[in-house]
Amino acid sequence: MLFLATSLALLSSPSTPPDMRPSVNAAMAKRPLRNIGMSVRMRPITEGPPIPKIQGPSNSSRPLVVIDPGHGGHDPGARNVKSGALEKDVTLAVAMALRDELLKSGRVRIALTREDDSFLALEERFGLARDMGAALFISIHADASEETGAHGATIYTLSDVASDAEAERLAARENRANVLGGVDLSRKSSAVSSILIDLMQRETMASSAKFAELLHRETAPDLTFRNPWNRRAALVVLRAPDTPSILFETGYISNDAEAEQLRSVEGRRKLAEGAARAIAIYAATLDSSRRADPPR
Ligand code: ZN
């Protein structure tokens with residue numbers, strides 16, 4: 001709940017959204033508008049997404065991996081023209097395949113930012129990972145291009161400077177989800193300005209790059225990558241200052257062959273097996289660095 005100090009002039013403004021117009025009794029409405037201040041109890045604009053359930057081992061010392069199926073709800077993402085396959089469905093199916101593969105090993109705990117067709121703003125996605133203390137955040141997507149021949153996977157890491165014009169276009173497309181949500185939240189990262197957060201972010205970016213290397217190495221035998229396979233862009237969903245994060249464009253949904261591969265159980269299984277191996281190796285490096293810490 002929010003309390004908003006406002007005036008009757010604002011309340012009666014036709015430009016005020018209906019949500020923000022509490023009912024004002026008739027007697028009050030007849031009083032002069034000048035100099036009347038009041039507190040109005042209002043519903044928060046968004047309730048925030050539900051906290052996802054954590055799956056896998058109950059041992060809370062196991063690292064938590066948050067998998068984020070891109071898009072959802074009124075934001076379908078990209079689309080395959082021939083089959084009509086939507087990116088939001090493909091990303092959810094890939095995320096679930098990866099979760100199932102990770103559950104087999106019991107090495108890490110897993111949570112999905114969404115398990116159904118719901119919409120989350122980009123900050124909500126990495127916000128959940130932060131709130132839950134995730135060791136790793138993986139946002140799953142499928143690429144699109146006007147060129148039907150465009151194909152191959154790419155792993156994106158965060159940078160304020162895009163590695164090329166195409167990476168910049170991709171960032172513009174993926175960041176658009178927030179505007180689609182009705183509220184442009186992408187400018188709210190001004191807190192990321194202190195030196196401490198800056199240092200933390202450097203370390204996080206180094207860990208993200210390390211995981212990107214592993215993910216490429218372990219999935220490359222079964223997956224075609226673009227050249228270069230690793231690009232950097234100002235992707236809002238990767239902005240958590242303290243959670244190593246990557247965005248995995250798992251292939252082109254606009255490419256018929258790759259769209260079919262991503263939609264097939266076998267195609268997803270191969271991708272998930274490689275990604276799960278990469279996550280297991282990454283988790284092992286976290287364990288060993290923890291052991292290397294001097295006892296306190
Ligand atoms: Zn996407």
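The values are calculated or read from the model by the stated rules, or taken from the named source; none is laboratory data. These figures come from a predicted structure and were not determined experimentally. Neighbour counts are summed over all protein chains in view; Cβ atoms, including those assigned to glycine, are modelled from backbone coordinates with ideal geometry.
Key figures
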| read-out | value |
| --- | --- |
| Residue among ARG239, ARG217, ARG268 that is buried (at least 16 other Cβ atoms within 10 Å of the Cβ) and at pLDDT 95 or above | ARG268 |
| Tally of residues being over 23 Å from ARG217 (Cα atoms) and either surrounded by 22 or more Cβ atoms within 10 Å (Cβ to Cβ) or within 13 Å of the ligand (Cβ to nearest atom) (or both) across region 242-254 | 1 |
| Residues of region 140-150 satisfying the condition of being more than 16 Å from VAL94 (Cα to Cα) and within 16 Å of the ligand (Cβ to nearest atom) | ALA144, SER145, GLU146, ALA150 |
| Of all residues making up region 247-266, the number that are among the small types (Gly, Ala, Ser) and in a helix (DSSP H, G or I) | 2 |
| Condition met for GLU101 (at pLDDT 95 or above, within 19 Å of SER264 (Cα to Cα) and either buried (at least 24 other Cβ atoms within 10 Å of the Cβ) or within 16 Å of the ligand (Cβ to nearest atom) (or both)) | no |
| In region 54-94, the residues that are away from the ligand (no atom under 16 Å from the Cβ) and more than 25 Å from ALA284 (Cβ to Cβ) | VAL81, LYS82, SER83, GLY84 |
| GLU115 vs. criteria over 15 Å from the mean Cα position of the chain (by Cα) and assigned to a loop (DSSP other than H, G, I, E, B) | no |
| Residue list for region 118-151, filter: assigned to a loop (DSSP other than H, G, I, E, B) and either of a type outside the set (Gly, Ala, Ser) or closer than 21 Å to ALA172 by Cα (or both) | PHE119, LEU120, ALA121, MET132, ALA144, SER145, GLU146, GLU147, THR148, ALA150, HIS151 |
| Test set (1) free of Cβ contacts under 8 Å to residues at least 40 places away in the same chain; (2) among the charged types (D, E, K, R); (3) assigned to a loop (DSSP other than H, G, I, E, B) - ASP160 fails condition number | (1) |
| Residue check, GLY152 touching a residue at least 24 places away in the same chain (Cβ under 8 Å), under 23 Å from LEU214 (Cα atoms), surrounded by fewer than 24 Cβ atoms within 10 Å (Cβ to Cβ) and among the small types (Gly, Ala, Ser) | yes |
| Some residue of region 163-172 being assigned to a loop (DSSP other than H, G, I, E, B), under 24 Å from ASP143 (Cβ atoms), away from the ligand (no atom under 16 Å from the Cβ) and modelled with pLDDT of 85 or more | yes |
| Single condition MET200 does not satisfy, out of (1) in a helix (DSSP H, G or I); (2) in contact with a Lys or Arg (Cβ under 8 Å, 6 or more places away or on another chain) | (2) |
